[in-house]
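Below is one structure; the comments refer to it alone.
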Amino acid sequence: MNTPSVTNSPVLWIAALGVFAVIAVQSIVYFRAAKRAAPAADMTDSELKTAFRAGAVSAIGPSLAVVLVAITLLTVFGTPVVLVRIGLIGSAGFETVTAQTAAQSAGVELGSTGYDNATFALVFFTMSVAGAAWMVSTLIFVPLLSRADRRIRKLNPAVMTIVPGAAMIAGFSYLGLTEVRKSGVHLAAFLTGALVMMLLQVAAVRLRRTWLKEWSVGISVAAALGAAAIAL
Amino acid sequence: MTTQSASASTSAPPTTSLQGFDRTTSRWGRGTMLAGLAISLAGPLYLMFGLDYWPGWSPVVQAWVSVAVVFGVFWVAEPITYFPMLGSAASYQAFMIGNIANKLLPSAITAQQAIGAKQGTKKAEIAAVTAIVGAAAVHLVSLLVFVGLLGTWLASLIPDSVAEVFGYIVPAVLGPVLVQAFMAARQHRTRVIALACGAAGVFVLVRFVPSSSVYAMAVCVTAAIALSLALRDRTGTTDDEEATA
């Protein structure tokens, strides 16, 4: 594997840490805004903490999965680019396809001897511009959509109690069914995860243990991965 | 934005502090996203113009066009598709932190369930934002430590079998989360309609029009929202009989 020398340039490290810093600042500002607004939304301090903890615990499995994919790509893109492109903003799938496409347009294969600093610059640029397009369209559409959202809420508040559920069930069932068709192992992971989640939800209500709900994604994802390991 | 908050400021004080939340999150959401955008482009621009690794116009344009052909639909469809699930504030978080369907939405729904916040309420929105902050904290720290600091060392240490098992993380997360989304929905009709739309996307749309896979999810979600609204139970009660304010 040929790794271009410039992949670990200090400037790239600074830019990578800069993106981390921006997300950290955003998180702090958002958390403080949430804390301030919580009482007006009938949310107690302990509920705020529970929400934070539930989010953090649920993210452990998926974060470790991202870490594992990121590690395998270190020799191709270098640490700073992997941190920003694979770890944050983008996803391993999108970014790898983008990188290959970019390298091919220069007539080079990633990791081959022709993969030099100039090709790497092209690859990194293409990944970054593609990722930027998501942010630009978020910046354009979110203000428009939230204006529409506010107007609808005023006209008929009941509408907004239906929209998130409909959107999520349709989205997750589309993505989930796409996954289960890939192989028996995918199916085993999906079904085990769903089954364990159902059991945990029932148990949480029967035993009146809210912490079970907090840990439900973490536990069922672990069980689903265990099933995948057995089915492999 | 000032005109909007002024026009509604006749209502009770709680509304004002909730508007403060909307104002802060949209202003800072946009600001931080612009900063993230600029910094993420600064790296490659430095390589091209600072260190003079300019590959020439032809590959730059060619690469961009090939990528735009593949992902162009996602650029527009994703922010619109996820908005109904995330809301305004969390959208600015999600499109910078990444891994929306397999990490951030599961975190958000789990938090809403753990504190019993009903979808569509302000409480649910604040719970989602707080949960995503928690998810971001875990994600940033795990990336910095396990990839940034220890990555190269870990790469030589982790057996292939472990990496292979984690390759199934997407179905492993989607199974449980679909169950959660089912429980969080507030009308039974919504569940049936939305599940049918998702299934139709996979078994009808993508099956017969394979090229539709880039926008099929957006079609499913839009159809599910439209049909669930058109066919909703108008007797006024939701499953939990909770009237929203």
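The values are calculated or read from the model by the stated rules, or taken from the named source; none is laboratory data. Only a predicted model underlies this, so the values are computations on that prediction, with no experimental measurement involved. Neighbour counts run over all protein chains shown; Cβ positions are idealised from the backbone, glycine included. Accessible surface is based on the protein model in full, side chains and every heavy atom, while ligands, DNA and RNA are left aside. Shrake-Rupley method; radii C 1.70, N 1.55, O 1.52, S 1.80 Å.
Structure notes:
- Residue tally, condition open to solvent by 10 Å² or more (accessible area, probe 1.4 Å), within 7 Å of chain A (Cβ to nearest Cβ) and aliphatic (A, V, I, L, M), over the stretch B:84-98: 1
- Failed condition for A:Thr3, given (1) more than 7 Å from chain B (Cβ to nearest Cβ); (2) in contact (Cβ under 8 Å) with a residue 12 or more places away in the chain; (3) surrounded by fewer than 24 Cβ atoms within 10 Å (Cβ to Cβ); (4) assigned to a helix (DSSP H, G or I): (4)
- Test: residue in the stretch A:54-65 that is within 15 Å of the chain's Cα centre (by Cα), at pLDDT 90 or above and more than 7 Å from chain B (Cβ to nearest Cβ): yes
- Condition met for B:Thr121 (open to solvent by 20 Å² or more (accessible area, probe 1.4 Å) and hydroxyl-bearing (Ser, Thr, Tyr)): yes
- Taking the criterion of being open to solvent by 20 Å² or more (accessible area, probe 1.4 Å), within 25 Å of A:Val84 (Cα to Cα) and free of Cβ contacts under 8 Å to residues at least 60 places away in the same chain, the residues of the stretch A:40-65 that qualify are A:Phe52, A:Leu64.
- Scanning the stretch B:99-116 for residues that are more than 7 Å from chain A (Cβ to nearest Cβ) and not in a helix (DSSP H, G or I) yields one hit, B:Gly116.
- Total residues in the stretch B:37-57, condition over 26 Å from B:Met96 (Cβ atoms) and at the interface with another protein chain (Cβ under 8 Å from one of its Cβ atoms): 4
- Among the numbered conditions (1) crowded, with 17+ Cβ neighbours inside 10 Å; (2) farther than 30 Å from B:Val60 by Cα, the only one that A:Ala231 does not meet is (1).
This table checks each residue for (1) at pLDDT 85 or above; (2) open to solvent by 20 Å² or more (accessible area, probe 1.4 Å).
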| position | (1), (2) |
| --- | --- |
| B:Gln19 | yes, yes |
| B:Gly29 | yes, no |
| B:Ala38 | yes, yes |
| B:Tyr46 | yes, yes |
| B:Leu51 | yes, yes |
| B:Phe71 | no, no |
| B:Trp75 | yes, yes |
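- Number of residues in the stretch A:140-164 that are open to solvent by 30 Å² or more (accessible area, probe 1.4 Å) and among the aliphatic types (A, V, I, L, M) equals 7.
- For the stretch B:190-227, the candidate set comprises residues that are more than 8 Å from every other protein chain (Cβ to nearest Cβ), under 18 Å from the mean Cα position of the chain (by Cα) and in a helix (DSSP H, G or I); within that set, the residue that is surrounded by the fewest Cβ atoms within 10 Å (Cβ to Cβ) is B:Val214.
- Selection within the stretch A:175-208 - at the interface with chain B (Cβ under 9 Å from one of its Cβ atoms), charged (D, E, K, R) and open to solvent by 30 Å² or more (accessible area, probe 1.4 Å): A:Arg181, A:Lys182
- Some residue of the stretch B:143-161 being at pLDDT 90 or above, closer than 30 Å to A:Thr210 by Cβ, open to solvent by less than 20 Å² (accessible area, probe 1.4 Å) and in contact with a Leu (Cβ under 7 Å, 6 or more places away or on another chain): yes
- Among the candidates A:Pro157, A:Pro143, residue that is touching a Ser or Thr at 6+ places or on another chain (Cβ under 9 Å), in a loop (DSSP other than H, G, I, E, B) and at negative phi: A:Pro157
- Residue tally, condition among the hydrophobic types (A, V, I, L, M, F, W, C), in a helix (DSSP H, G or I) and touching a residue at least 24 places away in the same chain (Cβ under 8 Å), over the stretch A:77-129: 13
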